[in-house]
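In what follows, a single structure is set out as structure tokens and then discussed.
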Amino acid sequence: MDSGFYSAFTGFATRLDALEVVANNLANTNTPGYKASRAFYRSMPAWLQQSLSTPLNQAVNQFGVLGGAQLDLTVSNLEKTGNATDVALQGPGFFNIQSKAGLRFTRNGNFQLNTKRQLITSQGDLVLGDNGPIQLPSGELAISQDGTVSVDGGLVAKLKVTDFSSPADLTPEGNTYFSAQTKGKAVAEPNVVQGALETSNADPIKATVSLIELQRTAQLMEKALSIFHNEFNRTAAQDLPRV
């Protein structure tokens with residue numbers, strides 16, 4: 001009976017954790033450059049001291065818990081905006097951003113100019129080129145496919161684009177920022193598109209279906225917990241007079 005109770009509890013808690021992951025994906029289906037997280041599960045031994053448990057106990061006391069969430073870095077579609085300061089990457093890599101917390105990376109190219117004519121993100125952080133923050137003189141802005149930034153035909157800077165060998169190297173911060181555990185490698189030939197934004201790769205239909213499935217499973221686990229709890233109380237009430 002203990003095994004059943006713990007199994008129902010871990011199943012319930014795991015679905016609640018997974019609901020947060022899916023709900024965040026669903027909330028960001030319209031966020032430019034957003035990369036969805038995919039929950040994965042692992043088995044957790046109920047017995048902390050496996051050497052003291054029997055093979056039978058080891059077999060019946062293995063519970064599924066949320067192992068974590070892995071980034072899905074699949075490149076998404078482009079949406080034309082016509083804004084000169086909007087850029088999208090049509091291949092691997094991330095734009096480099098100088099935030100208050102340090103160097104960060106993003107696929108969200110919804111950039112703009114501040115009062116100093118510095119290229120910044122929608123959060124107000126500086127966009128970095130190969131030689132640091134990008135500051136533009138007055139004139140017509142053009143950004144070429146390789147990330148070269150020019151104004152009225154004059155070269156100004158080149159967008160710095162960095163790629164990472166594994167999603168595990170990146171840690172999400174907010175909706176579209178990432179911090180990196182490794183240095184990463186500069187993308188030699190980035191594919192930059194001016195006047196467009198990369199859409200979110202979170203599928204709203206799949207996210208909605210997953211949300212409903214997780215909610216229903218969580219409700220079943222909650223009902224099982226209630227049944228086990230009532231059974232424990234009934235058994236305790238019957239055995240108490242015998243003590």
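Taken together, the values in this text are just the output of simple stated rules run on the coordinates, not laboratory data. All figures in this text were calculated on a predicted structure; none of them were measured in a lab. For neighbour counting, all protein chains shown are included, and Cβ atoms are generated from backbone atoms with ideal geometry for every residue, glycine included.
Observations, loosely collected:
- Coarse-grained scattering of segment 78-198 at q = 0.20, 0.23 Å⁻¹, given as base-10 log I(q)/I(0) from a Debye sum over alpha-carbon atoms: -1.12, -1.49
- Rounded FRET efficiency, nearest 0.05, which uses the C-beta distance separating R216 from K116 and R0 of 45 Å: 0.25
- Label sites at E79 and D17, each approximated as a point 7 angstrom past Cα along Cα to Cβ, lie 3.2 nm apart.
- Treating r as the C-beta distance of S165 and N131 and R0 as 30 Å, the FRET efficiency rounds to 0.75.
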